[in-house]
Structures are given as C-alpha cells and as structure tokens.
Amino acid sequence: MTYQDINVKPIETESSFRMKAYKALKAAIMEMDIYSHPEEIRLEERQLSERLGVSRTPIREAMTLLEQEGFVRSVPRRGIFVVRKTKQEIIEMITVWAALESMAARLACERASEGEIRLLRENVRAFANRDPEDYVSEYSEANLAFHKLIIRMSGCQLIAETTENLFPHMRGVRKVTIGQDHRAQRSIVDHTKIVEAIEKRDPDLAERLVREHTMGLARHVAEHGNFLD
C-alpha cells in the first residue's frame, strides 16, 4: 500500500462543495499513474480536506459519487482506494477503447477540421527526428494526447464521455508499456499511418488502423502484463 501525493488546488466556496470536491478529485485521479507500482493508492480523507480547504463531509460525498462511477472503492476499516483493474479487466477495457476510438477515427474523417488534423500531424512530427525511446516520458504524454485528440475530433460527445471513464486505466497501462519491447518506435509508425488516413479522409482505412493499433496493446498486455497480476 502506498500514498501518492495528489495535485489538487483549494476550491472556492460559492457553489456546491460536494461537486467542486468531486471535480477536483476526479481530475487528480485522471492524472495518476495507477499501474507504475504494485501497491494500491490510498486516498487520505484528512489530507484531502486540508488540500481542498473544505470539511470532510463534502469529501465523503464526493467519494461516494466517485465510487458509484467506479473510480474508487471503499474498504471497511482500511479506507478509500483508487480502483486498480485486473489484467483481464484491462484487456477488456482496451478492447472497448479500440471499438470506440476506431469509430472516432471514422467520424473524424468526416467531421474534423483541417486545423484539428494539423494538430494531429504536429503531434507525430514532434518526434520525427528523435528516437522516442530516448524520451519515453515525453513521448508517453504525446502518445496519450494523440489518442485523446482523435476522440475529440470525432465530434461525438457520448464517445468522449464513455472513454473518459476508461482513461485513467488506459493512461496508466500505456505509460507502463510504452517503454517495453520497442513499442514507442512502433507507435510512431502506426500514428503516422493513422494521420495519413485521416488526412486522406479515408474512414475505412482510419478505422482499421486505429483498431489494429489499439488491439496491439491488448495483445502486449496479454503477453507481458504481469505487472497487473
């Protein structure tokens, strides 16, 4: 078991303490590295109360909402922990993400603006003359931004909302695996092909490439995801 410092800011008082605490805690959880260590992350109620500048009541209420959404779990006499998925659960989440993001890529071919596509291209170009394996941490963030941008380019709010709940786990697993087995280099190649398909406005190709790319992560986790056991 480990405690992880949470980057949260004090909240204002003019609206619901519960909802502000909920939004602040959810944003912090979304940025956590859940799978970079084997221990569960425990959330300390007193510490959070001090950090957010509110009493423990809205913290507890916010935790209830987060537990209902599957972000945290309450263990009697032990406390509140950020949910950590099993290997099989992660593989299923990646499969669902593959379906959603591949559809997002298809929609992006029809709906994305030239400016959005240019941002996607710039994301890939940032490592055109650099070996991503020499900048694993930086590339990991660029990789996450690439996939989030495709989701946004779809213009489908429900896809965005559904993937948001998967994102903490996808983020954590991608960060751990991106430095393994030359995955960063292969990722650059895959991303380049995906951008080219979207630039051509070829929905069939873009959808297939994104699905195959993400399912490659599922296969990698199935073979090398011992850190999840």
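Determine the per residue accessible area of the chain with all protein chains present and a 1.4 angstrom probe, expressed in square angstrom.
Using a 1.4 Å probe on heavy atoms only, each residue of the chain averages 51 Å².
Two decimals, Cα atoms only, Kirkwood Rh: what is Rg/Rh over the range 17-82?
0.94
Can you flag which of K23/K193; K87/K193; K26/K193; K20/K85; K20/K200; K26/K200 are past 32 Å Cα-Cα?
K23/K193; K26/K193; K20/K200; K26/K200
Assuming a ≥ b ≥ c are the square roots of the Cα gyration tensor eigenvalues, decide whether the range 93-195 counts as rounded (a/c under 1.5), prolate (otherwise, with a/b larger than b/c) or oblate.
The shape class here is oblate.
Report the trypsin sites (Lys or Arg not before Pro) located in the range 86-193 that are in a DSSP loop and have at most 12 other Cβ atoms inside 10 Å of their Cβ, or state none.
Those satisfying the criteria are R130.
If the only charges are +1 at each Lys and Arg Cβ and -1 at each Asp and Glu Cβ, what is the size of the charge dipole of the chain around the Cα centre, to the nearest 20 debye?
Here the size comes out at about 440 debye.
Tell me the GluC sites (Glu not before Pro) within the range 124-186 that lie in a loop according to DSSP and have at most 12 other beta-carbon atoms within 10 Å.
none
Of all the accessible heavy-atom surface of the chain, with the other protein chains kept in place and a 1.4 Å probe, what percent is carbon and sulfur?
Carbon and sulfur: 49 percent of the exposed surface of the chain.
Can you put I188, I41 in order of accessible area, largest first, using a 1.4 Å probe?
Ranked from most to least accessible, the order is I188, I41.
Enumerate the residues in the range 164-180 having an amide nitrogen under 18 Å from the point lying 7 Å beyond the Cα of F227 toward its Cβ.
167-180
Per the Kirkwood definition applied to all pairs of different Cα atoms, how many angstroms is the hydrodynamic radius of the chain?
18.8 Å
The values are calculated or read from the model by the stated rules, or taken from the named source; none is laboratory data. Source: prediction; values computed, not measured. Heads up, the Cβs are rebuilt from the backbone with ideal geometry, glycines too, and the neighbour counts pull from every protein chain shown. Only protein heavy atoms, including side chains, enter the accessible area calculation; ligands, DNA and RNA are left aside. Shrake-Rupley method; radii C 1.70, N 1.55, O 1.52, S 1.80 Å.
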